[in-house]
Amino acid sequence: MYERVFEKLKYTFNDAGLLEQAFTHSSYAHERSPDSPEHNERLEFLGDAVLEVLISELLYKRFPDYDEGQLTKFRAGLVCEASLAKAGHETGIEEYLRLGRGEESTGGRHRDALLADAMEAVVGALFLDGGLERARAFIHDCFDGEIRRQSDSLEQFDNKTFLQESFQKNSKIPLNYVITDESGPDHNKRFTAKVRHNGKILGAGSGRSKKEAEQNAAAEAVKKLGLR
């Protein structure tokens, strides 16, 4: 019944009832019995805690140079509604969700908040059925691509912010970013940016968007100036 999910999880549940509970929204349970506890909210509570611990562990080990603030920001970008909903969609859990008639009719099956909650419940169920190592393996596999994507964005953001903060300590003159070149067709443009301070060019960079080009210019400036 849950073959697609088992394939994505790389794990077959010993107690499939746990997975069924993870897929059961409170609206479905309450339509059948108003006092029924057989829905996914308790598993969601557990899965939220498991996710936070294992994502924290993963980031701590993978990014030894990041300080507490960077790690906290990074974790928040992963353990959030949008990221969890995306992971839930990729795992294919929406086709198995059990929803009440009202929730189903208003598009709940594809709502980010509901998918994110169900994803946390699945992690909780996986932890109970397979233990911490199985949950860890799934989370590492599930979030690896998103971690790489967000680490690139975080590094770029930090370079631009770090450069700004470095100059603010000694100068009231702001940094100035200028797009100096634009090339390529509309669907595949490349931009070149330069960052200046008080008329002096500090660095240059290119990218697929103006923002990316500016971030890369800041990264070059940080490197050339030996700021870190």
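Every number here is computed from the coordinates shown, using simple stated rules; none is lab data. Note that the coordinates shown come from a computational prediction; the quantities given were computed from them, not determined experimentally. Note: ideal-geometry Cβ built from the backbone for every residue, glycine included; neighbour counts use all protein chains shown.
Phi angles of region 188-193 translate, via the Karplus equation with coefficients 6.51, -1.76, 1.60 and θ = phi - 60°, into HN-Hα couplings of 8, 6, 10, 10, 10, 10 Hz per residue; Gly and Pro are given as x. Computed from Cα atoms alone, the Kirkwood hydrodynamic radius reported for region 171-225 is 11.2 Å.
Find the percent of Cα-Cα distances in region 103-220 that exceed 21 Å, and round it to a whole number.
On the way: 4169 of 6903 pairs.
Here the long-distance tail beyond 21 Å is 60 percent of all Cα pairs in region 103-220.
Between 0 and 90 degrees, the angle of helix 210-225 with respect to the longest Cα principal axis of the chain falls at about 60 degrees. So what's the angle, to the nearest 10 degrees on a 0 to 90 scale, between helix 68-78 and the longest Cα principal axis of the chain? Around 50 degrees separate the two axes.
Selection among 12, 217, 74 by position relative to the dipole of the chain gives 217 as farthest towards the positive end (Cβ unit charges, Cα centre). Dimensions of region 59-100 based on its C-alpha atoms, expressed as ranges along the principal axes with the largest first, amount to 45, 17, 11 Å. Dividing the alpha-carbon radius of gyration of region 35-182 by the rule-of-thumb value 2.2 N^0.38 Å gives 1.34. Taking K and R as +1 and D and E as -1, what net charge do the other residues with C-beta under 11 Å from the C-beta of residue 44 add up to? Result for the neighbourhood of residue 44: -3. Calculated FRET efficiency, residue 42 to residue 113, Cβ-Cβ distance, R0 = 25 Å: about 0.90 to the nearest 0.05.
Evaluated at q = 0.30 Å⁻¹, a Debye calculation over the C-alpha positions of region 1-65 (equal weights, vacuum) places log10 I(q)/I(0) at -1.15. For the chain, the longest principal axis of the C-alpha atoms and the axis of helix 112-168 are separated by about 10°.
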